[in-house]
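Shown next, in C-alpha cells, is the structure this report addresses.
The values are calculated or read from the model by the stated rules, or taken from the named source; none is laboratory data. Source: prediction; values computed, not measured. FYI the Cβ positions are ideal-geometry reconstructions off the backbone, even for glycines, and counts take in every protein chain you see. Ligands, DNA and RNA are stripped out before the accessible areas are found, and what is left, the full protein with its side chains, is counted by its heavy atoms. Shrake-Rupley method; radii C 1.70, N 1.55, O 1.52, S 1.80 Å.
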Amino acid sequence: MDPQTLLLPLLIVLVGGMLFFGSRRQRKAVAEQQKLQTSLQVGDRVMTTSGLFGTVAGVDSDTDIDIEIAPGVVTTWLRAAVREKVNPTTESDVVESEDEELVAGEPASTAEVAPPLESKSKG
C-alpha cells in the first residue's frame, strides 16, 4: 500500500479527534457558567464581564438580576453578564497605609534608604 493513502485517513481521524475534544471542553465550560448564573442569590459578591464588582441585591427574574455597586446604588444586569463569584473582602484583608509626607531630600523611612556604596581605590 502507498504511504500517502494511509496518511490521509490518519490525518482525518486526528483532526476529527481534536475537534471533538475541543468542543467537549467548550460545552463543559458553558454548562459551568450557566450553573453559576442560575445559582446566584441575594448577598453574593460577583464580578461582571466588564470587570465591575458588586453584590447581588435582587434575583426576581430568570434573566435579570439587581447588583448593588455602591451603597444605595442598585443597577439591573442580565444574568449572562455575571462572570464569576468573588470572595467578599473582609476588614482583615484591607491593608491601611499611613499617609506620610515627604520632605524634599529626606526619605520616608529608613527601610527605603540604601547603604552607601564603598569605593575601593587602588593605590
The range 48-76: number of residues that are in contact with a Phe, Trp or Tyr (Cβ under 8 Å, 6 or more places away or on another chain), within 20 Å of residue 87 (Cα to Cα) and surrounded by fewer than 16 Cβ atoms within 10 Å (Cβ to Cβ): 1
Scan of the range 16-43 for residues that are open to solvent by 70 Å² or more (accessible area, probe 1.4 Å) and more than 30 Å from residue 77 (Cα to Cα), ordered by number: 18, 19, 20, 21
Residues satisfying the stated conditions in the range 1-15, i.e. open to solvent by less than 100 Å² (accessible area, probe 1.4 Å) and of a type outside the set (A, V, I, L, M, F, W, C): 2, 3, 5, 9
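Restricting attention to the range 20-41, which residues are aliphatic (A, V, I, L, M) and closer than 12 Å to residue 85 by Cα?
If we filter the range 20-41 for residues that are aliphatic (A, V, I, L, M), which is where we start, we get 29-31, 36, 40.
Hits for the range 20-41 are 36, 40.
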